[in-house]
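Values in this text are rule-based calculations from the coordinates and carry no lab data. What you see is a predicted model, and the numbers here were worked out from it, not measured in a lab. Note: ideal-geometry Cβ built from the backbone for every residue, glycine included; neighbour counts use all protein chains shown.
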């Protein structure tokens, strides 16, 4: 049996070309994933810095008066502490939400946070914070998510918390 050298060469060249193409595709997907991870890391760092500013106001409510709009509806140091404590909790959830949205954490982990936040949303201090006219520095899409979640919670007050349609829609990243 005689080996057809040009056919073997063509086969090997095609095989190596496919291997190179697969390597390029894999590298591109890794770069995209690394870019997303860096994006989430940068977002997390910004929210953490904001969290530190909020913590300063919990520890020392007088600092909240630096920006008058932050305390326009708050009468006492305890109300200021509750307001900024709730914002701190919301900041942590914002990181979880954003990480899920960017595909960095699994759906079940996000859903566990959503359930817990629905329990927190039943608290008077949380609802008061959300309904106040004060500015809350949040990602616009996250704020819309929380407002809708709060509406679902308030509509169903008296029931055990369960994920509503906004958390149940996996494709709503």
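When shorter helices are ignored and each DSSP H run of at least 4 residues is given -39500 (n - 2.57), the per-residue value for the chain at 222 nm works out to -24500 deg cm²/dmol.
On the basis of the beta-carbon distance and an R0 of 41 Å, residue 7 and residue 34 show a calculated FRET efficiency of 0.50. When each of 110, 126 is scored by the number of other beta-carbon atoms lying within 10 Å, the sequence from fewest to most is 110, 126. Ranking of 94, 154 by neighbouring Cβ atoms within 10 Å, starting from the fewest: 154, 94.
Ordering of 116-124, 4-12 by packing is 116-124, 4-12, highest average first (other Cβ atoms within 10 Å, averaged per residue). The simple Förster model, with R0 at 30 Å and r as the Cβ-Cβ distance, assigns residue 60 and residue 123 a FRET efficiency of 0.80.
Three principal axis extents describe the C-alpha atoms of the range 76-151; from largest down they are 41, 22, 21 Å. Here the simple spin-label model places points 7 Å from the Cα toward Cβ, and for residue 157 and residue 72 these points are separated by 2.5 nm.
Considering only 83, 109, 145, the Gaussian network model of the chain with Cα springs below 10 Å gives its largest mean-square fluctuation to 109. With neighbour counts taken as other beta-carbon atoms within 10 Å, the residues 115, 32, 57 rank, fewest first, as 32, 115, 57. The alpha-carbon positions of the chain define a convex hull whose volume is 149 Å³ per residue.
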